[in-house]
Amino acid sequence: MALVKFQTENFRNLSPAPVSFSPSFNLLYGENGSGKTSVLEAIGYLGLGRSFRVNRHQAVVRHGEQRLTVFGGLDHGLTDDVSQGGSGLVHRLGISRDVVQKETALRVDGEGVRSLSSLAMHLPVSVIDPGVFDVIAGGPGKRRQFLDWAVFHVEPSFASVWQQCQRVTSQRNQTLRNGRLDESLLRVWDRQYAALSDRVNEARVNTFVRFKAAFEALVSEVEVQWTEGLKLEFYAGWDTTQALVDVLISHREQERKMGHTLYGPNRADIRLKFQGRPVSETFSRGQQKTLVILMKIAQGMVLSAMGKQVTFLLDDINAELDEGHRAMLASRLQALRCQVFITSIERPVVGQLWPDGKAPEYRMFHVEHGTLTEE
């Protein structure tokens with residue numbers, strides 16, 4: 001699916017005028033503060049249910065207003081046979097947030113839905129912005145989030161199982177923090193937690209295997225010298241040669257002292273090493289950027305193989321990537337038949353993004369004071 005119709009209300013400084021996008025590439029440029037990143041942020045709301053820039057909805061709603069709304073119309077995009085779906089909209093997505101009442105309303109094809117997953121499943125959104133490079137330099141939580149985005153779109157039941165696991169983890173932590181440890185109650189939570197953890201881990205492992213195969217195929221085709229000694233490994237969050245229940249019992253005193261769960265899927269990680277050492281310690285900033293981009297492309301390859309079109313949001317890539325890496329990224333995303341939004345301060349030079357002269361179908365927009373003008 002691709003986002004081809006777009007409209008907002010009270011979202012930062014964006015104009016409420018409707019906009020039509022290309023199911024292929026969309027190039028947005030404008031001065032700092034013009035609203036181009038806000039466009040990507042609003043699109044992200046439809047695919048993520050939140051901002052990828054800030055944690056608070058209040059920071060996104062226009063000053064003086066209490067409700068924001070984002071609407072999107074999807075068509076078959078580039079991955080489906082047009083003859084099967086025609087040129088009309090396939091799905092209509094909507095999200096609104098009342099920051100005073102703290103209420104969120106979600107709609108799919110005019111019907112109210114309760115979960116963000118019902119919205120996000122239709123529009124896989126992948127963000128490449130300055131913050132995404134924390135996947136390498138940041139803690140395990142950043143890499144879990146990276147992996148779980150793909151797991152959600154590969155394994156339909158994952159979101160529900162993960163939410164159940166989170167609830168049980170919370171109950172288990174509460175029991176661990178009690179002054180007097182109730183061993184019988186804790187064993188009940190242990191069994192529930194272990195059962196759900198096994199399901200979470202199975203979904204993660206299945207997706208990681210696909211991701212790693214795509215990543216290895218990708219790096220074999222690109223001219224990057226440091227990929228030969230690079231290894232990606234998935235760590236489940238505990239020693240999986242043992243049953244998780246046994247691990248929890250053997251570390252009971254340690255968890256009691258800490259007051260929270262120390263083993264399980266909440267500790268999972270993708271471990272990236274180069275010649276046996278962590279990539280975060282051995283790679284330069286530029287190498288880390290390239291690695292994250294390759295990992296993002298590999299995610300797109302996994303979903304593309306399943307017939308799903310990813311919408312990539314590339315924010316201010318001129319500031320993060322040199323001309324050669326920008327061209328590599330544009331070429332790879334074109335080959336995936338993804339929908340792509342690229343922002344920059346200066347007007348993009350199409351011949352630099354696709355130096356081979358084989359540019360895809362695209363639309364160019366100038367953004368000024370929150371208004372998009374197609375050129």
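Is it the case, given these coordinates, that Arg167 is more than 15 Å from the chain's Cα centre (by Cα) and not aliphatic (A, V, I, L, M)? Against the criterion (more than 15 Å from the chain's Cα centre (by Cα) and not aliphatic (A, V, I, L, M)), Arg167 qualifies. Does Ile293 satisfy the criteria of being surrounded by 19 or more Cβ atoms within 10 Å (Cβ to Cβ), at pLDDT below 95 and part of a helix (DSSP H, G or I)? It is true that Ile293 is surrounded by 19 or more Cβ atoms within 10 Å (Cβ to Cβ), at pLDDT below 95 and part of a helix (DSSP H, G or I). Only one entry of Phe133, Phe158, Phe146 meets the criterion of being modelled with pLDDT under 95 and of a type in the set (Phe, Trp, Tyr), and that entry is Phe133.
Against the criterion of being β-branched (Val, Ile, Thr), in a strand (DSSP E or B) and either within 26 Å of Val151 (Cα to Cα) or open to solvent by 20 Å² or more (accessible area, probe 1.4 Å) (or both), Thr69 qualifies.
Cβ-Cβ under 7 Å, sequence separation 6+ or interchain: first residue in segment 88-117 and more than 13 Å from Val70 (Cβ to Cβ), partner β-branched (Val, Ile, Thr). Which pairs? These pairs meet every condition: His91/Val108; Val99/Val61. Within segment 343-370, the set of residues being in a strand (DSSP E or B) and either in contact with a helix residue (DSSP H, G or I) (Cβ under 7 Å, 6 or more places away or on another chain) or open to solvent by 60 Å² or more (accessible area, probe 1.4 Å) (or both) comprises Thr343, Ser344, Tyr362, Arg363, Val367, Glu368.
Within segment 1-54, if we keep just the residues that are small (Gly, Ala, Ser) and under 26 Å from Gly307 (Cα atoms), the residue that is farthest from the chain's Cα centre (by Cα) turns out to be Ser20.
Looking across Phe25, Phe6, one residue alone is surrounded by fewer than 23 Cβ atoms within 10 Å (Cβ to Cβ), touching a strand residue (DSSP E or B) at 6+ places or on another chain (Cβ under 6 Å) and within 19 Å of Val127 (Cα to Cα). It is Phe6.
Restricting attention to segment 244-275, the residues being within 28 Å of the chain's Cα centre (by Cα) and without any contact (Cβ under 8 Å) to a residue 24 or more places away in the chain number 1. Restricting attention to segment 222-257, which residues are among the aliphatic types (A, V, I, L, M) and open to solvent by 80 Å² or more (accessible area, probe 1.4 Å)? None - no residue of segment 222-257 is among the aliphatic types (A, V, I, L, M) and open to solvent by 80 Å² or more (accessible area, probe 1.4 Å), so the list stays empty.
From the list Gly324, Gly357, the lone residue that is over 24 Å from Lys289 (Cα atoms), modelled with pLDDT under 95, out of contact with any Ser or Thr (no Cβ under 9 Å at 6 or more places or on another chain) and of a type outside the set (A, V, I, L, M, F, W, C) is Gly357. Take the conditions (1) open to solvent by 40 Å² or more (accessible area, probe 1.4 Å); (2) touching a Lys or Arg at 6+ places or on another chain (Cβ under 7 Å); Trp162 misses just one of them, which is (2). When Ser15 is tested against the conditions (1) touching an Asp or Glu at 6+ places or on another chain (Cβ under 7 Å); (2) touching a residue at least 60 places away in the same chain (Cβ under 8 Å); (3) open to solvent by 10 Å² or more (accessible area, probe 1.4 Å), the lone failure is (1). Of all residues in segment 213-243, those satisfying the criterion of being in contact (Cβ under 8 Å) with a residue 60 or more places away in the chain, in a helix (DSSP H, G or I) and either touching a Cys at 6+ places or on another chain (Cβ under 8 Å) or not small (Gly, Ala, Ser) (or both) are Phe215, Leu218, Val219, Trp226.
Looking across segment 167-182, the residues that are free of Cβ contacts under 8 Å to residues at least 12 places away in the same chain and either open to solvent by 80 Å² or more (accessible area, probe 1.4 Å) or of a type outside the set (Gly, Ala, Ser) (or both) come down to Arg167, Gln174, Asn178, Gly179, Arg180, Asp182.
The values are calculated or read from the model by the stated rules, or taken from the named source; none is laboratory data. This is a predicted model, so every value here is computed, not measured. Using ideal geometry, Cβ is built from the backbone for each residue, glycine included, and neighbour counts are taken over all protein chains shown. Please note that ligands, DNA and RNA were not included when accessible areas were found on the heavy atoms of the full protein model with its side chains. Shrake-Rupley method; radii C 1.70, N 1.55, O 1.52, S 1.80 Å.
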